[in-house]
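Student: Here it is: the structure, laid out below.
The values are calculated or read from the model by the stated rules, or taken from the named source; none is laboratory data. All values reported here derive from a predicted model rather than from experimental measurement. Here the Cβ is made from the backbone with ideal geometry for all residues, glycine too, and neighbour counts use every protein chain on show.
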Amino acid sequence: MTSSFKPTCSRETWKARQSLLAKVRTFFEKRGVLEVETPVLSGAGGTDPQLDYFEVEGNRYMMTSPEFHMKRLLAAGFGDIFQITKSFRKDESGSHHNNEFSMVEWYRVGMPQERLMDEVESLVSEIIGQPIHARRTRWIDAFKEYAGVDPFCENMDNFVCACESQGIPVPEGPERMSREDWWDYLMVFAVEPALAKNGPEFILDYPQSQAALAQTYVGVDGHTWARRFELFVDQVELCNGYTELTDAAEQRRRFEADLEIRRQMGKPLPPVDEHFLAALESGMPACSGVALGLDRLFMLALGKKEIKDVVLFPSPIA
């Protein structure tokens with residue numbers, strides 16, 4: 001007799017999760033943020049080279065995020081909005097990943113990114129049940145402090161030295177790795193593990209190449225930085241936020257650049273979301289937005305170690 005039909009989350013844990021979910025809704029309702037509901041199926045997929053999506057019959061795509069639809073609502077005058085939804089990403093599995101996951105995404109019109117980070121802190125504190133005060137560290141400083149290397153160093157051998165000094169395995173064929181390959185590698189193996197030692201921490205101001213849908217600015221160091229932030233709690237990445245890009249022409253250019261990278265990687269090329277670009281062209285208001293993984297947040301709040309402990313039927317079991 002097999003027991004594979006059983007959920008991986010207990011009834012008691014599920015009840016506790018539902019109570020936390022109610023708290024999330026109450027958090028936004030008290031702040032006058034309108035709840036919305038947008039499609040999980042779309043005729044256009046995201047172009048991010050690092051994300052893979054599910055395509056279904058009829059050239060439809062399971063949404064990796066509700067972002068594009070929500071920004072269309074912003075352009076239509078809906079004001080501050082939030083959404084609790086399922087999102088889908090192919091080939092993502094592990095203790096902190098699932099192909100199908102729950103997130104809360106919200107947008108604040110006219111709110112500076114720094115205040116949105118404060119609001120993220122407040123929500124996480126509410127759900128975890130204790131106040132958090134996250135340190136705020138620029139991406140470049142995190143590399144210097146935690147990986148022991150300047151990410152813009154002229155000598156690429158410095159990345160190998162950083163691995164050796166940190167006791168991290170040097171990846172095979174380091175001479176074939178690009179600067180961005182090194183950034184990704186050291187972020188995972190040096191920076192993120194170190195974050196847990198300091199308690200909750202925001203990493204902000206990412207390189208231009210990691211701007212995605214964020215505005216950028218030129219710093220006093222001459223580098224172009226993305227107005228983007230991520231929050232890490234107990235070595236778990238909880239959210240990804242931006243000062244949102246509102247320039248339609250620049251957004252189209254980024255989409256086209258993403259598609260070229262996907263083409264070089266041999267990945268599928270989804271159609272660009274013209275409805276979203278039309279929304280930007282019509283005049284989307286200045287705003288900041290953030291997507292936060294609810295499964296991960298509930299996992300932390302309930303003292304669980306893996307996503308499967310707070311969802312009923314994780315992939316591939318389902």
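Student: Quick one: count up the residues across the stretch 238-266 that are within 24 Å of H97 (Cα to Cα) and buried (at least 17 other Cβ atoms within 10 Å of the Cβ).
Tutor: Matching residues across the stretch 238-266 total 7.
Student: Is it true that some residue in the stretch 205-214 is over 23 Å from E105 (Cα atoms) and of a type in the set (D, E, K, R)?
Tutor: no
Student: Of all residues in the stretch 213-237 being among the β-branched types (V, I, T) and part of a strand (DSSP E or B), which is surrounded by the fewest Cβ atoms within 10 Å (Cβ to Cβ)? Give the steps one after another, and end with the answer.
Tutor: So the first thing to find is which residues in the stretch 213-237 are among the β-branched types (V, I, T), and the list is 216, 218, 220, 224, 233, 236.
If we keep only those that are part of a strand (DSSP E or B) too, we end up with 216, 218, 224, 233, 236.
On the way: T216: 19, V218: 10, T224: 13, V233: 20, V236: 17.
Per the stated criteria, the residue is V218.
Student: Sticking with this structure for a sec: Please go through the stretch 250-300 and give me each residue that is of a type in the set (D, E) and in contact with a Phe, Trp or Tyr (Cβ under 7 Å, 6 or more places away or on another chain), ordered by number.
Tutor: As a first pass, look at the stretch 250-300 and keep what is of a type in the set (D, E): 250, 256, 258, 260, 273-274, 281, 295.
Selection gives D273, D295.
Yes or no, residue by residue, for (1) touching a helix residue (DSSP H, G or I) at 6+ places or on another chain (Cβ under 9 Å); (2) within 30 Å of G303 (Cβ to Cβ); (3) of a type in the set (G, A, S):
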site	(1), (2), (3)
Y217	no, no, no
D221	yes, no, no
V233	yes, yes, no
L245	yes, no, no
R252	yes, no, no
R263	no, no, no
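Student: Shifting gears a bit: Determine whether S95 is in contact with a helix residue (DSSP H, G or I) (Cβ under 9 Å, 6 or more places away or on another chain), over 17 Å from F276 (Cβ atoms) and either without any contact (Cβ under 8 Å) to a residue 40 or more places away in the chain or surrounded by fewer than 16 Cβ atoms within 10 Å (Cβ to Cβ) (or both).
Tutor: Working: in contact with a helix residue (DSSP H, G or I) (Cβ under 9 Å, 6 or more places away or on another chain): yes; over 17 Å from F276 (Cβ atoms): yes; either without any contact (Cβ under 8 Å) to a residue 40 or more places away in the chain or surrounded by fewer than 16 Cβ atoms within 10 Å (Cβ to Cβ) (or both): yes.
The answer is yes for S95.
Student: Is the stretch 13-25 home to any residue that is closer than 23 Å to L245 by Cα and either of a type in the set (G, A, S) or assigned by TED's automatic domain parsing to the domain that holds I81 (or both)?
Tutor: Pass one, the stretch 13-25, residues closer than 23 Å to L245 by Cα: none.
So far as the stretch 13-25 goes, no, none of its residues is closer than 23 Å to L245 by Cα and either of a type in the set (G, A, S) or assigned by TED's automatic domain parsing to the domain that holds I81 (or both).
Student: Can we say S315 is surrounded by fewer than 22 Cβ atoms within 10 Å (Cβ to Cβ), in contact with a helix residue (DSSP H, G or I) (Cβ under 7 Å, 6 or more places away or on another chain) and either in contact (Cβ under 8 Å) with a residue 12 or more places away in the chain or not in a loop (DSSP other than H, G, I, E, B) (or both)? Give the steps one after another, and end with the answer.
Tutor: Details: surrounded by fewer than 22 Cβ atoms within 10 Å (Cβ to Cβ): yes; in contact with a helix residue (DSSP H, G or I) (Cβ under 7 Å, 6 or more places away or on another chain): no; either in contact (Cβ under 8 Å) with a residue 12 or more places away in the chain or not in a loop (DSSP other than H, G, I, E, B) (or both): yes.
The answer is no for S315.
Student: Does the stretch 171-183 include one or more residues that are in a helix (DSSP H, G or I), touching a helix residue (DSSP H, G or I) at 6+ places or on another chain (Cβ under 7 Å) and within 30 Å of D118 (Cβ to Cβ)? First the steps, then the outcome.
Tutor: Going residue by residue through the stretch 171-183, those that are in a helix (DSSP H, G or I) are 174-176, 179-183.
This time we only want the ones that are touching a helix residue (DSSP H, G or I) at 6+ places or on another chain (Cβ under 7 Å), so: 174, 180, 182.
If we keep only those that are within 30 Å of D118 (Cβ to Cβ) as well, we get none.
No, because not a single residue in the stretch 171-183 is in a helix (DSSP H, G or I), touching a helix residue (DSSP H, G or I) at 6+ places or on another chain (Cβ under 7 Å) and within 30 Å of D118 (Cβ to Cβ).
For (1) within 14 Å of the chain's Cα centre (by Cα); (2) modelled with pLDDT under 95; (3) more than 29 Å from E281 (Cβ to Cβ); (4) not assigned by TED's automatic domain parsing to the domain that holds D295, each residue gets a yes or a no:
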{"residue": "Q50", "(1), (2), (3), (4)": "yes, yes, no, no"}
{"residue": "P66", "(1), (2), (3), (4)": "yes, no, no, no"}
{"residue": "K71", "(1), (2), (3), (4)": "no, no, no, no"}
{"residue": "A75", "(1), (2), (3), (4)": "no, no, no, no"}
{"residue": "F82", "(1), (2), (3), (4)": "no, no, no, no"}
{"residue": "E92", "(1), (2), (3), (4)": "yes, yes, yes, no"}
{"residue": "N99", "(1), (2), (3), (4)": "no, yes, yes, no"}
{"residue": "V104", "(1), (2), (3), (4)": "yes, no, no, no"}
{"residue": "E114", "(1), (2), (3), (4)": "no, no, no, no"}
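Student: Determine whether the stretch 34-49 contains at least one residue that is within 29 Å of S122 (Cβ to Cβ), surrounded by 14 or more Cβ atoms within 10 Å (Cβ to Cβ) and of a type in the set (S, T, N, Q). Can you show your working first?
Tutor: Of all residues in the stretch 34-49, those within 29 Å of S122 (Cβ to Cβ) come to 34-38, 40, 46, 48.
Adding the requirement that they be surrounded by 14 or more Cβ atoms within 10 Å (Cβ to Cβ) leaves 34, 36, 38, 40, 46, 48.
If we keep only those that are of a type in the set (S, T, N, Q) as well, we get 38.
Within the stretch 34-49 (the criterion being within 29 Å of S122 (Cβ to Cβ), surrounded by 14 or more Cβ atoms within 10 Å (Cβ to Cβ) and of a type in the set (S, T, N, Q)), the answer is yes, since at least one residue qualifies.
Student: Quick check, is I127 within 18 Å of V236 (Cα to Cα), assigned to a loop (DSSP other than H, G, I, E, B) and under 20 Å from the mean Cα position of the chain (by Cα)? I'd like the intermediate steps shown before the answer.
Tutor: Details: within 18 Å of V236 (Cα to Cα): yes; assigned to a loop (DSSP other than H, G, I, E, B): no; under 20 Å from the mean Cα position of the chain (by Cα): yes.
For I127, the condition - within 18 Å of V236 (Cα to Cα), assigned to a loop (DSSP other than H, G, I, E, B) and under 20 Å from the mean Cα position of the chain (by Cα) - is not met.
Student: Could you pull out the residue among D205, D150 that is surrounded by fewer than 16 Cβ atoms within 10 Å (Cβ to Cβ) and not β-branched (V, I, T)? Walk me through it before giving the result.
Tutor: Details: D205 fails: surrounded by fewer than 16 Cβ atoms within 10 Å (Cβ to Cβ).
Going through D205, D150 in turn, the sole match is D150.
Student: Run down A291, A278 and say which single residue is over 23 Å from K15 (Cα atoms), more than 18 Å from the chain's Cα centre (by Cα), small (G, A, S) and not in a loop (DSSP other than H, G, I, E, B). Before you say what the answer is, go through the steps one by one.
Tutor: Values: A291 fails: more than 18 Å from the chain's Cα centre (by Cα).
Answer to the check: A278.
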